[in-house]
Every structure is written in C-alpha cells, then in structure tokens.
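Readers should treat all values here as calculations from the given coordinates under stated rules, not as data from a laboratory. Source: prediction; values computed, not measured. Glycine gets a Cβ as well: all are built from the backbone with ideal geometry, and neighbour counts include every protein chain shown.
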Amino acid sequence: MPNHACDILSTDRPASCTLVIFGGSGDLTRRKLIPALYSLYRQNRLPEPFVIVGCSRTIMTDNQYRDKLKAGYENIGLDLSDWDAFSSLLNYYPLTYDLESFSGLREYLVHLDQVNHCRGNRIFDLAVPPSLYPIIADLLGRTSLSEQRNRNNGWTRIVVEKPFGRDLESALALDRILHASFKEEQIFRIDHYLAKETVQNMLIFRFANSIFEPIWNRHHIEYVGIIAAESMGVGSRAGYYEQAGVLRDMFQNHMMQLLVLTAMEPPCRLEAGSVQDEKIKVIRSLRDFHPDQGSRICLGQYGPGTIDGVDVTGYRQEPGVDQHSLVPTFALMELYVDNWRWQDVPFFLVSGKRLPRKKTQIIIQFKEVPHRLFKDVLGETIGANRLIIEIFPEEAIRLTFQTKNPGASICLRSMTMDFTYNEHYQGEPLEAYARVLLDCMNGDHMLFWRQDGIELSWSVLTPILQECEQCCNRDQQLHIYPAGSWGPEAADSRFQKLIHTP
Ligand code: BG6
C-alpha cells in the first residue's frame, strides 16, 4: 500500500465567504467554475455558510440562472443528483459595468451577508474578457468593495485569470490598476496548470526523493521536452485567440510554469514565498532569445485536415478568424537556462492546436551510456533512459530503461516502469479549478503567479513576440500544417523524436 504521509489538502472547511463571479453567465463560469464548486460541494469542502453570486449583463432571476446552468449540464451528462441542494447557494445579480450598478451590488452583498450570516469575507472572480479587468478593479475600488476590514474578519480577495496583459507594458499597466484598489496579498492570479495533480507532484517527486536530484542536471540530462498538444481547434474563442495566438495563450503562463518546476532549485521552505523565489530565479536565468546563441522558434498554423476520421476546417476558415490571419496556433521553442545545473541543456517547449490528440507531458531525456558496450558487440541501438511526467491523458510518471530479453542470446529490450494516479489513488480527484478556488478561500498563494514572475516571463517573451510579429517575412515564418498532423515539418527533428513518444 502506498504510504500517504499526509493529505496535503486539509479537510477543514475554509472560512465562510461570498464568491462573486463577474462573467457569471459566461463560458468559463459554465465550463470550469460552477462544476468545480459543485464538486467541492459534493465533497463537503465548501465553507459554511457559503454564497455564490453570478453577475453579468443579462437580466435573469436567481431561479432562471440556476435553471440555465442546470440545463447546460444535463446535456453533458454531469451527475446532477446533488444539484438542487447545491443550487440554493447560487444567486444572480444583473450588472452593468458602471458606478451605479456597482453601488447596487455593494448593497446587495451587505444584504446577503445579513441573510446568510456570512462574515463579510468576499472573493471577486474576474471570469470576464481581459478588457474588463481594469474597469471592474476600478469600480470595486471606487465603491469601497475592495477594502478589507482585517485579515480575520472581513477579508476581500480578487481572482484574475490569464492573460495577464499581452506584453510587458500592458502587464505592468494591469498591475498598476489592480494595485490602485487592492494590495498584493489580496490578488490571486490563476494558472490552472499549477493545480494539476502531476504538476504539483513535480515538487514532491524531485525534492522528497533522494535518487533523482543527483542526476537532475547537465551531466546526465540530454534535453528536456515540454509538450502541450491539443486536438481541439480554436472553437468559439476566435475573438480572444486572434489577439493572443499560441505564444500568449500557452507559453507566457502554462509552459513557463512547467519549465520552471522542472528546472528550479529546492526551496528552503514549503511556503508560497520560498517556492516563488526559486521559480523567479529560473525565469531570470533564461538565456536571451537569440538564434546565434542556440535559441530557436518554429511557428505554425493549422490548415484543413482530418482528426479521428473527421474532416475539420483550417484556422483561417474558423468563424471569427481573419481569412489572412498570421496568428500561430503551434510553436516549438528551444530555450536555455544559464546556470550551473542546466548550462547548454536544451529545453524544447511545444504547444499546438489541432494536433492528432491531446497530450501534455514533461520529458526528461537522459544521456546515452558513456561506453557503448552492447552497441559494439551486438550492433544494437541502446535507447537512453527517459523519464516522462505525464499530465494528460493520464496523470502518470513513467521511466524507461533497458532490460535483457529472456532467452539464450543477449538481446536488449526497452521496458517502462510506470505509476498512474488513477490506479493508486481511489478518492475523487480534485479538479484543477476546484483546487485553486479552495486555495484562494484559504488565502494560500502557493499555486498562483506572483507579479514579479509575470513581469519576468513577459520580459522573456516580449522580444520574441516583437521579432515574430514585426519581421518583414512574417508569412514565410508561419508554416501551415494539416490539422491532424504533428505540426509543421520545419519543426526540429528532435521534436519529432519527442512527440512520437508513446
Ligand atoms: C487554456 C488555454 O489556458 O488552457 C486554452 O487558453 C487551452 O487555449 C487550455 O486549450 C489547455 O488546458 P488543459 O487543462 O485542457 O490542458
């Protein structure tokens, strides 16, 4: 039986609070936030009392809001046996983004506090397009809704979703606006990748075992691959994606976090500040992106193709996309971390849409054995060891090594030792959004971005974006790949080796 040293997630319920969701009738709320809250409800992890207020422009009553959400979940077959009890927590407040409406919201929240005996604790979740972030933060400030009376009785927090700006300058501007009304300790910047079980397990795997750290460096590792492949296209998000593209959508945040967790030094304490400090050091050590110094990038965009036997359109034919769009939906980037541990080890970061299947993993490719004993004798190719930290489709860790094939002759065979979460842990898994919401209720910043990390991440990415977006032959730099293929042929051959890992 596995030895569970402790359940990291406390079973204590967080303090009673009200969660106000701006964008309450939007896509993110429907797809992620409400299902996460519903699953927390079913696991008895929500505070008591707890109140949810969905806010958006549509005029609806509480009951219409509850019914609308429920109808959406009936279509996707969610187990709704506890929905009616859960939905009593749901309230709806129609809102326009102006002072009068926010003053009304303030009165409404005071009223809800009294009726529900909440203690005045509030979380404002910005599940809205980023253009509304400054407006909402400003209105929360002007109506004093951002104020907190003291830490233990009446705290106020704000949750911001990525993208945190679209370059360094706009990230700084957003931060100034948030800080005009909120203190840093009140701000929670979500990256849902950080809440994935395997991603969190990176810290434990690396720093709670003594056998990996001695070989976790340039002396033993040939390269690191970080892959986030998706079979989905841009879907209904063309408006956002046309402005973002894969670099802003996936690299500035999720891919950077995976790189940082792989490359960071052990923190001195398991608390948010120490962990964030170590992460920051990695981003600061990233080599300036320059082809003369080994860094490379390959950009692609999906054209029409076939996925799972179904014909799909190309990116430029998606509704809402400019038919001459030069926005990349695929990128392969080669980066270097200039420090004693990682000098000259390539980090390949790859992410793309409309690839053959969804696959998210970190690959640690070890060096070949120094003396090729078996190759010389048997003419065999000996695969070097490879460690795969898989995030999707399975949350798993797999180590590939060589064994002797049973029989009279000496014949090598690659075998994989694996650990999968599903097989070894039976409890209901906590979905990433559920985890981050719970941490926000508990005031724990460990799984959230800190502003200095965001700024550093943009400092790395902004020159690359400028280079890609302002170069004169932009169209030639963008390689069209058929949907359902593993990206442009121009992508590095080492990428092909990475991506064809089972
Ligand atoms: C989001 C991106 O942050 O992450 C999406 O905006 C992407 O474009 C998604 O599809 C991937 O997340 P996951 O958890 O499905 O790997």
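Say the cut-off is 29 Å between C-alpha atoms; which of 367/404; 32/367; 32/281; 68/359; 196/404 go over it? Intermediate results must be reported in sequence, preceding the final value.
Working: 367/404 20 Å; 32/367 40 Å; 32/281 32 Å; 68/359 32 Å; 196/404 36 Å.
Over 29 Å apart, Cα to Cα: 32/367; 32/281; 68/359; 196/404.
Over segment 173-217, what number does the Rg to Rh ratio reach, with both radii from the alpha-carbon atoms and Rh per Kirkwood?
Looking at segment 173-217, the ratio lands at 1.26.
Could you go through segment 182-187 in sequence order and give the Karplus-derived ³J(HN,Hα) for each residue, using 6.51 cos²θ - 1.76 cosθ + 1.60 with θ = phi - 60°, rounded to whole Hz, and x for Gly and Pro?
Each residue of segment 182-187 in turn: 10, 8, 3, 5, 8, 9 Hz.
In a solvent-free Debye calculation with one equal scatterer on each Cα, what is log10 I(q)/I(0) for segment 48-175 at q = 0.17 Å⁻¹, listed in the order of the q values?
Calculated log10 I(q)/I(0) at the listed q: -1.04.
Can you pull out the GluC sites (Glu not before Pro) in segment 47-156 whose DSSP state is coil and whose Cβ has at most 15 other Cβ atoms within 10 Å?
Details: sites: 74, 100, 107, 147; in loops: 147.
Passing both the DSSP loop test and the Cβ count: 147.
Just going by the charge dipole of the chain, with Lys and Arg at +1 and Asp and Glu at -1 on Cβ, which of 301, 160, 346 is farthest out on the positive end?
Of 301, 160, 346, it is 346.
Report, in debye and to the nearest 20, how large the dipole of segment 77-214 comes out about its Cα centre when Lys and Arg carry +1 and Asp and Glu carry -1 on their Cβ. Provide the component values of the computation, followed by the final result.
Details: 14 positive and 19 negative charges, 83 e Å.
Dipole size: approximately 400 debye.
Check every DSSP H run in the chain and write down those whose alpha carbon atoms cover 18 angstrom or more along the long axis and whose mean Kyte-Doolittle hydropathy is 0.0 or greater.
On the way: long enough: 62-75 (21 Å, -2.19); 99-116 (25 Å, -0.12); 168-181 (21 Å, 0.63); 272-285 (20 Å, -0.40); 451-470 (27 Å, -0.13).
Helices meeting the span and hydropathy rule in the chain are 168-181.
When the Karplus curve 6.51 cos²θ - 1.76 cosθ + 1.60 is applied with θ = phi - 60°, which whole-Hz ³J(HN,Hα) does each residue of segment 52-59 get, with x for Gly and Pro?
10, 10, x, 10, 6, 6, 4, 7
Could you work out the percent of alpha carbon pairs in segment 61-121 separated by over 15 Å, rounded to a whole number?
Working: 1126 of 1830 pairs.
So the pairs more than 15 Å apart make up 62 percent of the total in segment 61-121.
Treating only the Cβ atoms of Lys and Arg (+1) and Asp and Glu (-1) as charged, compute the dipole magnitude of the chain about its Cα centre; round to the nearest 20 debye.
So the dipole magnitude of the chain works out to roughly 440 debye.
Taking Rh as the Kirkwood radius, which is the inverse of the mean 1/r over Cα pairs, what is the Rg/Rh value for segment 377-492? Working shown, then result.
On the way: Rg = 22.7 Å, Rh = 20.3 Å.
Taking Rg over the Kirkwood Rh, I get 1.12.
Compute, for segment 1-157, the length of the dipole vector about the Cα centre, with Cβ point charges of +1 (Lys, Arg) and -1 (Asp, Glu) only. Units Debye, rounded to 20. Could the numbers behind the result be given before it?
On the way: 17 positive and 17 negative charges, 53 e Å.
The dipole of segment 1-157 has a size of about 260 debye.
With point charges of +1 on the Cβ of Lys and Arg and -1 on the Cβ of Asp and Glu, referenced to the Cα centre of the chain, which listed residue (457, 424, 186) lies farthest in the positive direction of the dipole?
Of the listed residues, the answer is 424.
I need the trypsin sites (Lys or Arg not before Pro) found in segment 253-317, filtered to DSSP loop residues with at most 11 other beta carbons within 10 Å of theirs. If you can, show how the numbers build up before the last one.
On the way: sites: 269, 279, 281, 284, 287, 296, 316; in loops: 269, 287.
The qualifying sites are 269.
Taking a virtual spin label 7 Å from the Cα of residue 240 along the C-beta vector, which residues in segment 112-149 bring their backbone nitrogen under 13 Å of it?
Zone members listed by number: 126-133.
Multiply the residue separation of residue 79 and residue 408 by 0.36 nm, subtract the distance between their alpha-carbon atoms, and state the gained length in nm to one decimal. All intermediate terms of the calculation are to be shown ahead of the outcome.
Values: separation 329, 0.36 × 329 = 118.44 nm, distance 5.55 nm.
Net length gain for the segment: 112.9 nm.
Which of 347, 392 has the fewest other C-beta atoms within 10 Å, and how do the rest follow up to the most?
Values: 347 21, 392 17.
Fewest-to-most Cβ neighbours within 10 Å comes out as 392, 347.
At 222 nm, what helix-only mean residue ellipticity would the chain give, in deg cm²/dmol to the nearest 500, using -39500 (n - 2.57) for each DSSP H run of four or more? Present the calculation step by step, with values, prior to reporting the outcome.
On the way: 16 runs with 164 residues, N = 502.
Estimated from H runs of four or more residues: -9500 deg cm²/dmol.
Please report the antiparallel percentage of the DSSP beta bridges confined to the chain, to the nearest 5.
On the way: 45 of 81 bridges.
Within the chain, antiparallel bridges account for around 55 percent of the total.
Quick one: 3J(HN,Hα) in Hz for segment 121-132, Karplus 6.51/-1.76/1.60 with θ = phi - 60°, rounded, Gly and Pro as x.
Each residue of segment 121-132 in turn: 7, 9, 10, 9, 9, 8, 8, 10, x, x, 5, 8 Hz.
Provide the FRET efficiency to the nearest 0.05 for the residue 114-residue 208 pair, computing r from the beta carbons and using R0 = 45 Å.
Values: r = 47 Å, r/R0 = 1.04.
According to the calculation, E is roughly 0.45.
How far apart, in nanometres, would the label points at residue 343 and residue 489 be if each is projected 7 angstrom from Cα along the Cα-to-Cβ direction?
In this crude label model, residue 343 to residue 489 measures out at 3.9 nm.
With the convex hull built on the Cα atoms of the chain, state its orientation-averaged projected area in nm². Please list the in-between numbers first.
Numbers: hull surface 106.5 nm².
Computed as one quarter of the Cα hull surface, the answer is 26.6 nm².
Sequence gap at least 6, Cα distance under 8 Å: using those rules, report the relative contact order of segment 142-235 to the nearest whole percent. Can you show the working numbers first?
Details: 45 pairs, mean separation 20.0, N = 94.
So the answer I get is 21 percent.
Evaluated at 25 °C with a viscosity of 0.890 mPa s, what Stokes-Einstein diffusion coefficient in µm²/s does segment 428-495 have when Rh comes from the Kirkwood expression over alpha-carbon pairs? Could the numbers behind the result be given before it?
Details: Rh = 16.3 Å.
Once the numbers are plugged in, D ends up at 151 µm²/s.
Set the Förster radius R0 to 45 Å, insert the Cβ-Cβ distance between residue 64 and residue 420 as r into 1/(1 + (r/R0)^6), and round the FRET efficiency to 0.05.
On the way: r = 42 Å, r/R0 = 0.94.
With R0 = 45 Å, the Cβ-Cβ based efficiency is 0.60.
Just report the Cα centroid separation between segment 138-184 and segment 255-304, whole Å.
Each part reduced to its Cα centre gives a spacing of 26 Å.
For segment 126-212, state which trypsin sites (Lys or Arg not before Pro) are in a DSSP loop and have at most 13 other beta carbons lying within 10 Å of their beta carbon. Don't jump to the answer; show the numbers that get you there.
Details: sites: 142, 149, 151, 157, 166, 176, 183, 189, 196, 206; in loops: 149, 151, 166, 183, 196.
Answer in residue order: 149, 151, 183.
How big is the gap, in Å, between the Cα center of segment 102-132 and the Cα center of segment 453-495?
Computed from Cα coordinates, the inter-centre distance equals 41 Å.
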